1. I'd like the full set of residues that are over 12 Å from the mean Cα position of the chain (by Cα) and exposed (fewer than 15 other Cβ atoms within 10 Å of the Cβ), limited to the range A:112-126.
2. Among the residues of the range A:59-111, count how many are under 30 Å from B:G92 (Cα atoms) and within 12 Å of the chain's Cα centre (by Cα).
3. Scan the range B:105-112 and tell me whether some residue there is surrounded by fewer than 20 Cβ atoms within 10 Å (Cβ to Cβ), at negative phi and more than 13 Å from chain A (Cβ to nearest Cβ).
4. Could you pull out the residue among B:L66, B:L117, B:L61 that is assigned to a helix (DSSP H, G or I) and within 27 Å of A:S53 (Cβ to Cβ)?
5. Considering only the range A:108-144, state which residues are aliphatic (A, V, I, L, M) and within 20 Å of A:G73 (Cα to Cα).
6. Regarding the range B:82-91, can at least one residue be identified that is touching a Ser or Thr at 6+ places or on another chain (Cβ under 8 Å), part of a strand (DSSP E or B) and either without any contact (Cβ under 8 Å) to a residue 60 or more places away in the chain or away from chain A (no Cβ under 11 Å) (or both)?
7. Can you pull out every residue in the range B:93-104 that is at the interface with chain A (Cβ under 7 Å from one of its Cβ atoms), part of a helix (DSSP H, G or I) and of a type in the set (A, V, I, L, M)?
Amino acid sequence: MPDSVKTELGRRYRFAASHRLHNEQFSDAENDRVYGKCNNPFGHGHNYILEVSVSGNVDPATGMVANLADLDGFVEREVLEPLDHKSLNEDVAAFREVVPTTENLCIEIYERLKLFPKAKLERVRVEETANNSFEYAGEKTEGH
Amino acid sequence: MVLLTRKIEFSASHVYNNPEFSPEENRRVFGKCNNPHGHGHNYTLEVTVAGEPDPATGMVLDLKELKAILEREVMQRMDHRFLNKEVPELAGKIPTCENIARLIWDLLEPKIAQGKLHRVRLYETPDLFADCYRDSAGASNGAGH
C-alpha cells in the first residue's frame with residue numbers, strides 16, 4: 001500500500017582512529033596554515049561516533065525496516081573492523097591519496113554502507129568530537 | 001519555516017514474538033527481544049513541528065498545547081505500560097521502535113492544529129532510534145527488500 005510517511009531506522013556506533021590532515025601538494029607552510037595542529041607530523045586520534053540511517057518498508061512480520069543484527073553485522077564488517085583502532089592515513093587505502101578529514105570519512109563510509117542489501121541507506125553522520133559533526137546523504141538534492 | 005522540537009521520556013516494556021513463527025524462528029529473528037516475559041526501555045521521544053511563527057505571539061504553536069497533546073496521546077497511553085498488552089493500537093503488531101514511532105506519528109499528526117508535524121524521532125536506547133516524516137517526494141516507501 002502506498003504510504004507517504006517514511007520510516008527510518010537509526011543506529012549509533014563508535015570507533016577510535018587516528019589521522020593526520022596533510023596535502024602533499026601544499027608547501028609545509030601551507031599545510032600548517034590550512035590544517036593547523038591537525039597537520040602535526042605524527043597524527044592524532046578521535047573517538048568517532050557514526051550514526052547510520054536506513055529506510056524501507058516496515059516488514060509486517062517483524063515490525064522492522066531492517067533486522068538490527070543484519071545492520072550491525074554489515075557495519076561491523078564494512079566499517080568498524082577496517083577503521084577501529086587504525087591509522088586512517090596508513091591503514092585505509094581510500095586515504096592514501098585523499099585527506100582523511102571527517103567530510104571525506106563520511107563519504108567513504110557512505111560509499112561502503114550504501115551496498116547494505118536489506119534496506120536503503122539514507123545518510124551517515126559522523127561526530128569527530130562532541131562539537132564537530134558531518135553528514136553525507138549521497139549526491140541528491142532532497143533532504144528533510 | 002521554523003522547526004520546534006519538544007522532548008519527552010517514557011518507560012515501557014515489550015516483547016517481540018510473531019505467533020506465525022515457530023519458537024526457533026522467533027528466537028532467530030528477534031534474539032533476546034523474544035524472552036517470554038518481556039523487558040523494558042526508557043524511551044525518549046522528540047516531536048518536531050514546522051510552521052511560521054504567529055506574528056502576534058511569536059510562536060509556531062503554543063508549547064502548553066503540545067505538552068498537553070503529548071501527555072494525552074503518548075504518556076497516558078504508553079508510560080509504565082506493557083506495550084503488547086496495554087496499547088490496543090499495537091495489538092497484532094511487533095512493538096518495534098519503527099512501529100511505535102509510526103503509531104505516535106499517526107496519533108499526533110491529526111492533533112497538531114497549528115503548524116505541521118514534521119518529524120517524530122523515538123529513541124529506544126541512545127544508540128537505536130526510528131524517524132518518521134512525510135516523504136517529500138510523496139512516493140511510497142521506496143527501498144524494497
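1. Answer for the range A:112-126, where residues must be over 12 Å from the mean Cα position of the chain (by Cα) and exposed (fewer than 15 other Cβ atoms within 10 Å of the Cβ): A:L115, A:P117.
2. Here the count works out to 0.
3. Start the filter on the range B:105-112 by keeping residues that are surrounded by fewer than 20 Cβ atoms within 10 Å (Cβ to Cβ), which leaves B:106-107, B:109-112.
In the following step, the residues that additionally are at negative phi were identified as B:106-107, B:109-112.
Those left that are additionally more than 13 Å from chain A (Cβ to nearest Cβ): B:111-112.
So far as the range B:105-112 goes, yes, one or more of its residues are surrounded by fewer than 20 Cβ atoms within 10 Å (Cβ to Cβ), at negative phi and more than 13 Å from chain A (Cβ to nearest Cβ).
4. Details: B:L117 fails: assigned to a helix (DSSP H, G or I); B:L61 fails: assigned to a helix (DSSP H, G or I).
Sole residue among the options that is assigned to a helix (DSSP H, G or I) and within 27 Å of A:S53 (Cβ to Cβ): B:L66.
5. Looking only at the range A:108-144, we keep the residues that are aliphatic (A, V, I, L, M), and these are A:109, A:113, A:115, A:119, A:121, A:124, A:126, A:130, A:137.
A:I109, A:L113, A:L115, A:A119, A:L121, A:V124, A:V126 - these are the residues of the range A:108-144 that are aliphatic (A, V, I, L, M) and within 20 Å of A:G73 (Cα to Cα).
6. Among the residues of the range B:82-91, at least one is touching a Ser or Thr at 6+ places or on another chain (Cβ under 8 Å), part of a strand (DSSP E or B) and either without any contact (Cβ under 8 Å) to a residue 60 or more places away in the chain or away from chain A (no Cβ under 11 Å) (or both), which makes the answer yes.
7. B:A101
Rule-based calculations on the coordinates, nothing more; no lab input. The structure presented is a predicted model; accordingly, all values stated were derived computationally and were not measured. We place every Cβ from the backbone using ideal geometry, glycine too, and count neighbours over all the protein chains shown.
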